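Asker: Before we start, here is the structure in question, set down as C-alpha cells.
The values are calculated or read from the model by the stated rules, or taken from the named source; none is laboratory data. In this text the structure is predicted, and so the values were computed from the model without any measurement. Cβ atoms come from the backbone with ideal geometry, glycine included; neighbour counts cover every protein chain shown.
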Amino acid sequence: MNKDIRQLEQKSLYNDLLVNYINGNQSIIKSTVFQGNLYEHAVMRELHEKLFMGNLSKVGGAHDGGVDITAKWNLNKIYSTVRKEVDLATMYPPENIPKRIKLKSRMINPIIHKLSRGEDVEFDVLIQCKAFNKSKVAPKEFRELIGTYNTLVSPKKRNSSIMIMCSPHLLTPDGLKLINSIDMSLIYLRISQITQTSDKSFDISHSGKLLNYYENDTINKLFKGCGIQEFLKLSLYNK
C-alpha cells in the first residue's frame, strides 16, 4: 500500500475515533469524564498528525499511574522531511554539537549524530493530559509529573524515554523555570480542547489543535539539530 494512502487512512482513523466517541456518549457530554476522554482523543490525533508518533494507546483510568497515553516516536521521518526544506547542517553543524553532554544526574547523547548517519532513533513516550485546568499550568502539576516519571521510568531507560504534558493552557513563569531546571526529558504541548459550535455540534476540524510546542533544556540539548521546531513552524507535516 502506498505510504501517502496509509497516512491518510491513519488521519481518517483518529477523526473517526473522535466522531465515534462523541456519538456514543451523548448522554454524558456535560461530564468531566467525557471532556477528559474527548481531550485525550484530540491529543492522540495531534501527536500522530503533527509529530508522526505511532503505537498510540489510551491507558488512562483508575490505575494509570499518572499516564493517559503511551506512544512510540521515531524521529527519522521528521528529520528526513525537514532536511528537504531546511539546510539543517548549516544551521546546526553536527561537529559543533557534542556527542555526549553531562547533566546534573546523567549523561545524554544528542540524537543528531545517529540521525545524520541514517540510524533509527525511537523513543518511548509517556503522555499526561490536563484537560480541566482553568488557568496556566503551575509548578505543582510538574512536580507530580516528575514523580510519575521517576516511578515509571527506570534509570537505564531514561535516555530512551520522554515525558509529555498536554494542556489547553500556557505555562506560568514559575512552571517554565521548574521544567528547565530538571534533568527529565520533558516536552510541553499546548493543545486546545474540542469546542462546540452554535448548534451544539463538536467542531473536530477547527479545534483540538496543537498550538504550542515547548522543549525543556534537557530535550533541547538532546534534539539539537534534528529540526523539529522548523518542521512544526513550516507545517511540514502537511507535505
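Asker: Checking S205 against (1) within 20 Å of L47 (Cα to Cα); (2) at pLDDT below 95; (3) buried (at least 16 other Cβ atoms within 10 Å of the Cβ), only one condition comes out false. Which one?
Answerer: (3)
Asker: Looking only at residues in region 113-171 that are of a type in the set (G, A, S) and part of a helix (DSSP H, G or I), which one is surrounded by the fewest Cβ atoms within 10 Å (Cβ to Cβ)?
Answerer: Step one: of region 113-171, the residues of a type in the set (G, A, S) are 116, 118, 131, 135, 138, 147, 154, 160-161, 167.
Next, from what is left, pick out any that are part of a helix (DSSP H, G or I): 116, 147.
Details: S116: 16, G147: 11.
Among those residues, the one meeting the criterion is G147.
Yes or no, residue by residue, for (1) within 19 Å of D120 (Cβ to Cβ); (2) hydrophobic (A, V, I, L, M, F, W, C):
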site: D16; (1), (2): no, no
site: F34; (1), (2): no, yes
site: E49; (1), (2): no, no
site: F52; (1), (2): yes, yes
site: D68; (1), (2): no, no
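Asker: Turning to a different aspect of this structure: If you go through region 195-220 one residue at a time, how many are part of a loop (DSSP other than H, G, I, E, B), touching a helix residue (DSSP H, G or I) at 6+ places or on another chain (Cβ under 9 Å) and either over 29 Å from I29 (Cβ atoms) or of a type in the set (K, R) (or both)?
Answerer: At the first step, the residues of region 195-220 found to be part of a loop (DSSP other than H, G, I, E, B) are 195, 197-201, 203-209, 216.
Filter once more, so that each one left must be touching a helix residue (DSSP H, G or I) at 6+ places or on another chain (Cβ under 9 Å): 201, 204-205, 207-209, 216.
Those left that are additionally either over 29 Å from I29 (Cβ atoms) or of a type in the set (K, R) (or both): 209, 216.
Here the count works out to 2.
Asker: Kindly state which helices (runs of 4 or more DSSP H) lie completely within region 26-91 and contain at least 2 residues that are out of contact with any Gly (no Cβ under 9 Å at 6 or more places or on another chain) and farther than 30 Å from G118 by Cβ. Reasoning before the result, please.
Answerer: Details: elements: 32-51, 76-83, 88-91.
Per the criteria, 32-51.
Asker: What number of residues within region 59-111 are over 18 Å from I146 (Cα atoms), among the charged types (D, E, K, R) and surrounded by 13 or more Cβ atoms within 10 Å (Cβ to Cβ)?
Answerer: Counting residues in region 59-111 that are over 18 Å from I146 (Cα atoms), among the charged types (D, E, K, R) and surrounded by 13 or more Cβ atoms within 10 Å (Cβ to Cβ) gives 4.
Asker: A further question on this structure: Got at least one residue in region 14-28 being among the charged types (D, E, K, R) and either on the phi > 0 side of the Ramachandran plot or at pLDDT below 95 (or both)?
Answerer: yes
Asker: Right, next: Can you confirm whether region 145-153 contains a residue that is over 17 Å from L222 (Cα atoms), modelled with pLDDT under 95 and touching a helix residue (DSSP H, G or I) at 6+ places or on another chain (Cβ under 7 Å)?
Answerer: no
Asker: Does E95 fit the bill of being out of contact with any Pro (no Cβ under 9 Å at 6 or more places or on another chain), closer than 18 Å to S235 by Cβ and either in a helix (DSSP H, G or I) or in contact (Cβ under 8 Å) with a residue 12 or more places away in the chain (or both)?
Answerer: Numbers: out of contact with any Pro (no Cβ under 9 Å at 6 or more places or on another chain): yes; closer than 18 Å to S235 by Cβ: no; either in a helix (DSSP H, G or I) or in contact (Cβ under 8 Å) with a residue 12 or more places away in the chain (or both): yes.
For E95, the condition - out of contact with any Pro (no Cβ under 9 Å at 6 or more places or on another chain), closer than 18 Å to S235 by Cβ and either in a helix (DSSP H, G or I) or in contact (Cβ under 8 Å) with a residue 12 or more places away in the chain (or both) - is not met.
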